[in-house]
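Accompanying notes for the structure given below.
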């Protein structure tokens, strides 16, 4: 999970401990997130859009770019582009949902409208879909050889 809210990260870490099959890694910014993506190759990334913002200040398009730019970078890099990314944000506009979909986000979860258990359920579903897609790609590669 890439999020700059330490309390939220702690809540999700504690919830992940109740799921033996989950290894939960955290990053407080996209630099740490990039390092984890490259070194650990996680099954899924939960990505906040607004990182490093001062509390109680208006959200601007520049603020959103932290998360979206990370998604663009990840999807453009052959080494890590197949890691599914779930946008995990309190931003809930149609424009943000559409942009995330256009940038190949696997899903979009609004923080204020969900629970940690629901987030892990969605993440497991995304991981299952990504695994099935990889099997299909591998079979297609084998058959074309």
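Against the numbered list (1) within 12 Å of the chain's Cα centre (by Cα); (2) not in a helix (DSSP H, G or I), residue 127 comes up short only at (2). The residues of segment 18-33 that are without any contact (Cβ under 8 Å) to a residue 40 or more places away in the chain and part of a helix (DSSP H, G or I), listed by number, are 31, 32, 33.
Sort out which residues of segment 90-113 are in a helix (DSSP H, G or I), touching a residue at least 12 places away in the same chain (Cβ under 8 Å) and under 28 Å from residue 23 (Cβ atoms), and write them in order of number. Within segment 90-113, 100, 111, 112, 113 meet the criteria. Residue 6 meets all of the listed conditions (1) touching a residue at least 24 places away in the same chain (Cβ under 8 Å); (2) farther than 19 Å from residue 127 by Cβ; (3) over 13 Å from the mean Cα position of the chain (by Cα) but one, namely (1). If the condition is being surrounded by 11 or more Cβ atoms within 10 Å (Cβ to Cβ) and outside any loop (DSSP other than H, G, I, E, B), then segment 34-54 contributes 34, 35, 36, 37, 38, 40, 45, 46, 47. Remark: pairs (first residue in segment 114-137, touching a residue at least 12 places away in the same chain (Cβ under 8 Å); second residue in a helix (DSSP H, G or I) and surrounded by 11 or more Cβ atoms within 10 Å (Cβ to Cβ); Cβ separation under 8 Å; 6+ apart in sequence or on different chains) = 116/11; 116/12; 116/15; 117/15; 119/12; 120/15; 120/16.
Quick note: the coordinates plus some simple rules give every number you see, no bench work behind them. Note that the coordinates shown come from a computational prediction; the quantities given were computed from them, not determined experimentally. Cβ: placed from backbone, ideal geometry, glycine included. Neighbour counts: every protein chain shown.
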